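S.K.: Have a look at the structure that comes next, please.
The values are calculated or read from the model by the stated rules, or taken from the named source; none is laboratory data. What you are looking at is a predicted structure, and each value in this text was computed from that prediction instead of being measured. In this analysis, Cβ positions are derived from the backbone assuming ideal geometry, glycine residues included, and neighbour counts consider all displayed protein chains. Just the protein is used for accessible areas: all its heavy atoms, side chains included, with ligands, DNA and RNA removed. Shrake-Rupley method; radii C 1.70, N 1.55, O 1.52, S 1.80 Å.
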Amino acid sequence: MLRNRTIMITTIILAMALLAGCSGGSAAESKTVNKVQELVYATSKDINDMNPHLYGGSMPAQGMVYESLVENTQEGIKPLLAESWDISEDGRIYTFHLKKNVKFHDGEPFNADAVTRNIEAVQSNAAKHSWIKLSTKIKSVRAVSEYDVQLELTEPYYPALLELAMTRPYVFLSPKDFENGGTKDGVRGYNGTGPYKLAEHKTDQYAVFEANEHYWGGTPKVKKVTAKVLPAGETTFLALQKGEVNFIFTDDRGADSIDVEAMKQLADTGDYQIVTSEPMNTKLIVANSSKAGSPVQEKAVREALWYSIDRDTIREQIVQGTETTANTLFSTNVNYANVELKQRDYNLDTAGKLLEQAGWTLDAGTGIRSKSGHKLIMKLYYDANSSSQKTQAEFIQSTAKQIGISLELAGEESSSIAKRRASGDYDLLFNQTWGLAYDPQSTISAFTSEASYYHTTRDIIRAGELYKKIDEVMVSRDEAVRKSLYADILQIVHDEALFIPITNGRVTVVAPRSLNGISFKQTQFELPFEQMYFK
């Protein structure tokens, strides 16, 4: 067993070294891009539809163009387009006092009327936004004066400000861009209030964002940001070496544009720096409790798979220390997530015993367990554009096989995997939690959403109790009650082994060494480009 694992790891390391070695060249030419004070970043997918009230667009790109009323920071919720706000004693009415002298990119004024029309446009597309609970709690929105807006909820909802701070959908587009008085049927343009405006877009090639010279927060020092579409992996690495791009970061799927060895090779040239954030999310395998006829419906099988994953080796050898080992759904720096839960370390003996006790017997001929005529075979979907996920999937497959679990691997586009998650057409798939700004409330709310994790959770014995507690925690105004309810929710899904954690992911940036001001938001989905500048 140990020998097999050693061979697997050696193969991984050799593959990484070969990729780096084949690429060759120098990064010195990237200075050509630096001279024009421009950032050109590689992205594996087009920015797509930038309508901020739908979900097809690139979140890093939308984060440059659109803004929300408030923002989520390490210190909590802070003003953004609203300079202050009041909350009624019963927790249902929020009155926002807007910043003055803010304009959209097309010159239209940002005021209470614009806020009202945007929120109404979001609310008119209720089915699309059902994943965000706030959309189901808004009773009305009205302009109280030119710069004061009142948002009335049907009941208290403690994450209201957190969800208003998200990258979408409660961000603001010039009403002149509305189509048929709204945004759900498309928009005429992409004029937000943000620090950058979309200047040019060639589908599946590139998108250019120019600094907003009239930005209320001051003109960004980096005048131009270009998103260049390139396949992840060696193509992106070569583009960096040739100076065709000079900036990459973990994309909004939490996947990698290039592998860790290639990043280090760039940094070793002296022309690049690597900057990483604090833990942002948990990368995990989602186990579908409702997949009819699949072994994954059994808790014992899910637990056995959990015990069969050597997370420490994944951390050390595959992601090479850039991430940390995860033992629970959320890392302890997530609000309400510092809960004591049973730890399931890598232990193939324990995994095998669980399967034996559940009646899965090992066939000496095939090495695959079976029960009542059904073989212990499951399909694991991973992002085909992520070399890291593919390597992890192969490694997990090799250790699971040692206890008689056969995993069939399937690499697909991230959009296809998202559709499987929504339809329930999967046994196992790679995914990740929503991240610091969203958790725990968003990932946990998604347990009840048919567009997300409902299929994952719906067939466990305590599903009814789980959903009831989720409903209660979202409206509770008592901090102690919320803490207790979240602890119960986390205990239930942990006991059922529905979300098998692997590592805690971070956002990683590879940038020219001369670039300063690199920082992170409370989300892996966007970066504050407006704070960056060259020496």
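S.K.: Residue by residue through segment 103-114, note down the ones that are within 21 Å of LEU198 (Cα to Cα), open to solvent by less than 30 Å² (accessible area, probe 1.4 Å) and not in a loop (DSSP other than H, G, I, E, B). Full working, then the answer.
M.R.: Of all residues in segment 103-114, those within 21 Å of LEU198 (Cα to Cα) come to 103-110, 114.
Now drop any that are not open to solvent by less than 30 Å² (accessible area, probe 1.4 Å), which leaves 104, 110, 114.
Result: ALA114, single match.
S.K.: Looking only at residues that are crowded, with 20+ Cβ neighbours inside 10 Å and among the charged types (D, E, K, R) in segment 507-533, which one is farthest from LYS264 (Cα to Cα)?
M.R.: It comes out as GLU530.
Here is a yes/no grid of residues against (1) modelled with pLDDT of 95 or more; (2) part of a loop (DSSP other than H, G, I, E, B):
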residue	(1), (2)
TYR346	yes, yes
THR350	yes, no
LYS353	yes, no
GLU356	yes, no
GLY365	no, yes
LYS379	yes, no
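S.K.: Only one residue in LYS78, LYS133 is among the basic types (Lys, Arg) and at pLDDT 95 or above, so which one is that?
M.R.: LYS78
S.K.: Filter segment 422-479 down to residues that are part of a loop (DSSP other than H, G, I, E, B) and of a type in the set (Phe, Trp, Tyr) and give me whichever is farthest from SER294 (Cα to Cα). Don't jump to the end; show me each part of the working.
M.R.: Step one: of segment 422-479, the residues part of a loop (DSSP other than H, G, I, E, B) are 424-427, 433-440, 449-453, 458-462, 476-478.
Applying the additional criterion that residues be of a type in the set (Phe, Trp, Tyr) yields 426, 434, 438, 453.
Numbers: TYR426: 9, TRP434: 27, TYR438: 31, TYR453: 17 Å.
Ranking the candidates gives TYR438 first.
S.K.: On to the next question. Given (1) assigned to a loop (DSSP other than H, G, I, E, B); (2) in contact with a Gly (Cβ under 8 Å, 6 or more places away or on another chain), identify the lone condition not met by GLN241.
M.R.: Result: GLN241 passes all but (1).
S.K.: Scan segment 136-176 for residues that are open to solvent by 10 Å² or more (accessible area, probe 1.4 Å), in contact with a helix residue (DSSP H, G or I) (Cβ under 8 Å, 6 or more places away or on another chain), touching a residue at least 24 places away in the same chain (Cβ under 8 Å) and in a helix (DSSP H, G or I) and jot them down.
M.R.: Correct list: LEU162, PRO175.
S.K.: I would also like to ask the following. For the list (1) at pLDDT below 95; (2) surrounded by fewer than 17 Cβ atoms within 10 Å (Cβ to Cβ); (3) in a strand (DSSP E or B), I need the number of the one condition that ALA15 fails.
M.R.: Condition (3) is where ALA15 drops out.
S.K.: To continue, here is another question. Of all residues in segment 299-332, which are buried (at least 21 other Cβ atoms within 10 Å of the Cβ) and in contact with a Gly (Cβ under 7 Å, 6 or more places away or on another chain)?
M.R.: The one that is buried (at least 21 other Cβ atoms within 10 Å of the Cβ) and in contact with a Gly (Cβ under 7 Å, 6 or more places away or on another chain): GLU323.
S.K.: Okay, moving on. Restricted to segment 406-421, and to residues that are charged (D, E, K, R) and not in a helix (DSSP H, G or I), which residue is surrounded by the fewest Cβ atoms within 10 Å (Cβ to Cβ)? Working first, answer last.
M.R.: At the first step, the residues of segment 406-421 found to be charged (D, E, K, R) are 408, 412-413, 419-421.
The next check asks that each one be not in a helix (DSSP H, G or I); those that pass are 408, 412-413.
Numbers: GLU408: 12, GLU412: 16, GLU413: 14.
Among residues in segment 406-421 that are charged (D, E, K, R) and not in a helix (DSSP H, G or I), the one surrounded by the fewest Cβ atoms within 10 Å (Cβ to Cβ) is GLU408.
S.K.: Next question. Take ASN288 and tell me if it is at pLDDT 95 or above and among the polar types (S, T, N, Q).
M.R.: Details: at pLDDT 95 or above: yes; among the polar types (S, T, N, Q): yes.
Yes: the conditions hold for ASN288.
S.K.: Hey, does segment 388-405 have a residue that's touching a Gly at 6+ places or on another chain (Cβ under 8 Å), open to solvent by 30 Å² or more (accessible area, probe 1.4 Å) and hydroxyl-bearing (Ser, Thr, Tyr)?
M.R.: no
S.K.: Hey, VAL296 hits all of (1) open to solvent by 20 Å² or more (accessible area, probe 1.4 Å); (2) in a helix (DSSP H, G or I) but one; which does it fall short on?
M.R.: Unmet for VAL296, out of (1) open to solvent by 20 Å² or more (accessible area, probe 1.4 Å); (2) in a helix (DSSP H, G or I): (1).
S.K.: Let me ask something else. Please work out if ARG369 is over 24 Å from the mean Cα position of the chain (by Cα), closer than 24 Å to THR456 by Cα and surrounded by 15 or more Cβ atoms within 10 Å (Cβ to Cβ). Step through it out loud before you land on a result.
M.R.: Details: over 24 Å from the mean Cα position of the chain (by Cα): yes; closer than 24 Å to THR456 by Cα: yes; surrounded by 15 or more Cβ atoms within 10 Å (Cβ to Cβ): yes.
For ARG369, the condition - over 24 Å from the mean Cα position of the chain (by Cα), closer than 24 Å to THR456 by Cα and surrounded by 15 or more Cβ atoms within 10 Å (Cβ to Cβ) - is met.
S.K.: Go through (1) under 25 Å from the mean Cα position of the chain (by Cα); (2) aliphatic (A, V, I, L, M); (3) open to solvent by 40 Å² or more (accessible area, probe 1.4 Å) for LEU362 and report which single condition fails.
M.R.: Every condition holds for LEU362 apart from (1).
S.K.: To continue, here is another question. Can you work out which of the residues in segment 189-236 that are under 22 Å from SER68 (Cβ atoms) and of a type in the set (S, T, N, Q) is surrounded by the most Cβ atoms within 10 Å (Cβ to Cβ)?
M.R.: THR193
S.K.: Check whether at least one residue in segment 42-54 is on the phi < 0 side of the Ramachandran plot, outside any loop (DSSP other than H, G, I, E, B) and not charged (D, E, K, R), and report yes or no. I'd like the intermediate steps shown before the answer.
M.R.: First, the residues of segment 42-54 that are on the phi < 0 side of the Ramachandran plot: 42-47, 49-54.
Applying the additional criterion that residues be outside any loop (DSSP other than H, G, I, E, B) yields 42-43.
Within this subset, residues satisfying the condition of being not charged (D, E, K, R) are 42-43.
The answer is yes; a qualifying residue exists.
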